[in-house]
Amino acid sequence: MKRIVEILVFLVITTGFSQEEETFQRGNSLYNQENYQEAIDKYTSILSTGKESASLYYNLGNAHYKLSNIGASIFYFEKALQLAPNDEDIKNNLAFAQKATIDAIDVIPEGFISRTIKKITNTLSFDGWAWSSVVCIILFVILFILYYTTNNSSKKRGFFAVSLGLLILGILGISFAYKQYNFIENNRFAIIFSQETIVKSEPNLRSEEIFELHEGTKVRVTETVNDWKKIKLTDGKIGWIPASDLKEL
């Protein structure tokens, strides 16, 4: 009976994967036939099952761009980049879509040290840094045991030096994992989906209008109050907009 259950579970999973792959390929075929909305419907149906991939988001971004849905296009390219941060095709298409946006927002320059630390931190995901740290600590323990038990002085020095290096790398990995986690927790980004939205000084319609934003602009969400989101731009400007005008990444 246990064996039969295992076979049934395997068949269900396999069937599910094959159906999603078939739907994905059908979406690609529709895209190639320039039936972009139908392709979007196929891709979105896969997302509704809880499955996601960089290629799926990438294709969604391309299909939305073809329909001039700039906000949705940038949103899905950004989602694809989260899963494949080094993919040049995604970066290029994202940059291309961003050229179609209206808002030109300055970026406050970062210092060299801050920029370097961020670059190193972003080379791996939070999970990547965490696993790297675990591996380094395990190797450190093994080499330290070898250092402690060996009687050969040259090997002893070698084991000690390498184990010390691994310990330092493990500690750095934990530090970068913490920074990555902290960055994710404190930096929730969103894309403006409304063609035009008025940014308010407070989370209510009666407050002062301070500036406008347009479809496709990327903002950082810092706070939520009822149906309002407090946003911050890369140039330091802050304000409140209706939650319905944006979509969080």
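Over the range 36-120, the reciprocal of the mean inverse Cα-Cα separation, the Kirkwood hydrodynamic radius, stands at 14.1 Å. Over 31 Å between Cα atoms: which of LYS42/LYS118; LYS91/LYS232; LYS119/LYS156; LYS79/LYS118 fall into that group? From LYS42/LYS118; LYS91/LYS232; LYS119/LYS156; LYS79/LYS118, over 31 Å: LYS42/LYS118; LYS119/LYS156. Think of a 1.4 Å ball rolled over the protein heavy atoms: the chain then has 63 Å² of accessible area per residue. Pairing the Cα long axis of helix 126-149 with the longest principal axis of the chain, what angle in degrees results, from 0 to 90 and rounded to the nearest 10? Orientation of helix 126-149: about 0 degrees from the principal axis.
A dipole drawn for the chain from +1 and -1 charges on Cβ atoms has a positive end, and of LEU167, THR149, SER73 the residue lying farthest that way is THR149.
Sorted by packing (mean other beta-carbon atoms within 10 Å per residue), highest first, where do 37-43, 115-121 land? Each step should come with its number before you reach the end.
Numbers: 37-43: 19.9, 115-121: 12.6.
Highest-to-lowest ranking by the protection proxy: 37-43, 115-121.
Working from label points 7 Å from Cα in the Cα-to-Cβ sense, the SER207 to GLU223 distance is 0.8 nm. Listed values for the range 167-173 are Karplus-derived 3J(HN,Hα) couplings in whole Hz (6.51 cos²θ - 1.76 cosθ + 1.60, θ = phi - 60°), namely 5, 4, 4, x, 5, 4, x, and x replaces Gly and Pro.
Where both bridge residues fall in the chain, DSSP classifies roughly 100% of the beta bridges as antiparallel.
Karplus-based coupling profile of the range 228-233, in residue order and whole Hz: 10, 10, 8, 10, 9, 9, with θ = phi - 60° in 6.51 cos²θ - 1.76 cosθ + 1.60 and x standing for Gly or Pro. Across the chain, the relative contact order, built from alpha-carbon pairs under 8 Å that are at least six residues apart, equals 15 percent.
Partners of LYS247 within straight-line reach, counting aspartates and glutamates whose Cα lies under 12 Å from its Cα and excluding those fewer than 8 residues away in the same chain: GLU78, GLU215.
Only Lys, Arg, Asp and Glu count, each charged at its Cβ (+1, +1, -1, -1), so figure out the dipole size of the chain about its Cα centre, rounded to 20 debye.
About 1340 debye.
Per-residue extension of 0.36 nm, minus the Cα-Cα distance of ASN35 and VAL135, leaves a gain of 31.2 nm for this segment. Here the Debye sum runs over all C-alpha atoms of the range 80-178 as equal scatterers in vacuum, and log10 of I(q)/I(0) at q = 0.19, 0.24 Å⁻¹ comes out as -0.99, -1.16. Note on the chain: Cα Rg divided by 2.2 N^0.38 Å, N the number of residues, gives 1.35. Can you give me the % of accessible surface on the range 144-249 that is carbon or sulfur? Probe 1.4 Å, all protein chains present, nothing else counted. Its accessible area is 55 percent carbon and sulfur atoms.
The values are calculated or read from the model by the stated rules, or taken from the named source; none is laboratory data. Given the structure is predicted, the values throughout are model-derived calculations rather than measurements. With ideal geometry, Cβ positions are generated from the backbone for all residues, glycine too; neighbour counts draw on all protein chains shown. The area values use the complete protein model at the heavy-atom level, side chains included, leaving out ligands, DNA and RNA. Shrake-Rupley method; radii C 1.70, N 1.55, O 1.52, S 1.80 Å.
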